[in-house]
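Comments concern the structure below.
The values are calculated or read from the model by the stated rules, or taken from the named source; none is laboratory data. The structure displayed is predicted, hence computed values, not measured ones. For neighbour counting, all protein chains shown are included, and Cβ atoms are generated from backbone atoms with ideal geometry for every residue, glycine included. SASA here: full protein model, heavy atoms, side chains in, ligands and nucleic acids out. Shrake-Rupley method; radii C 1.70, N 1.55, O 1.52, S 1.80 Å.
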Amino acid sequence: MSDLRDLYQEVIFDHNRHPRNFGPFPEANRHADGFNPLCGDRLTLHLRVEGGVIREARFEGAGCAISTASASLMTEALKGKTEAEAAVLFEGFHHMVMGEPVTVDLGKLSVLAGVSEFPARVKCASLAWHTLNAALKNESNPVSTE
Ligand code: ZN
């Protein structure tokens with residue numbers, strides 16, 4: 001188990017140091033801003049959605065290692081998913097970080113399972129997903145985890 005933990009931490013560190021899909025995305029047609037006041041994490045999510053399918057996801061912003069890694073992993077997981085599939089992933093991810101049973105295959109997102117042991121970090125890990133929700137609904141008001 002500790003080896004697995006080390007591996008998970010390694011993936012999180014890697015995604016924090018080298019966030020995937022990070023930067024502006026002028027071709028995006030959905031945007032949302034998210035803020036986690038508890039930790040100070042801020043991010044802007046850009047999506048290109050066509051025919052109900054998320055073709056591309058990018059993010060910008062600054063936050064702690066967990067929030068950055070989570071956003072990076074999320075953007076990777078979202079590409080090619082339908083909005084309905086993204087909602088299923090969000091639900092599964094939410095169960096995972098709350099320490100509840102997960103019934104969907106979260107793939108690489110599972111590296112964040114350890115967050116459930118640190119309640120203060122759950123909002124860091126969830127911020128990107130709440131922001132995704134707002135982007136898919138095209139809400140113009142920034143989302144806050146509080
Ligand atoms: Zn944070």
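Annotations for the structure displayed:
- Scanning region 28-68 for residues that are touching a residue at least 12 places away in the same chain (Cβ under 8 Å), small (G, A, S) and either more than 10 Å from the ligand (Cβ to nearest atom) or open to solvent by 50 Å² or more (accessible area, probe 1.4 Å) (or both) yields a count of 7.
- Look at (1) assigned to a helix (DSSP H, G or I); (2) open to solvent by 40 Å² or more (accessible area, probe 1.4 Å); (3) within 23 Å of P142 (Cα to Cα) and you find that L7 fails only one, number (3).
- Boolean, N141 is assigned to a helix (DSSP H, G or I) and away from the ligand (no atom under 15 Å from the Cβ): no
- V102 part of a loop (DSSP other than H, G, I, E, B) and either among the aliphatic types (A, V, I, L, M) or away from the ligand (no atom under 16 Å from the Cβ) (or both): yes
- Only residues that are without any contact (Cβ under 8 Å) to a residue 24 or more places away in the chain and either open to solvent by 40 Å² or more (accessible area, probe 1.4 Å) or of a type in the set (F, W, Y) (or both) were counted in region 96-115, giving 7.
- Scanning region 116-141 for residues being open to solvent by 10 Å² or more (accessible area, probe 1.4 Å) and touching a helix residue (DSSP H, G or I) at 6+ places or on another chain (Cβ under 7 Å) gives a total of 5.
- Enumeration of residues in region 69-95 that are open to solvent by 20 Å² or more (accessible area, probe 1.4 Å) and either in a strand (DSSP E or B) or of a type in the set (G, A, S) (or both): A77, G80, T82, A84, A87
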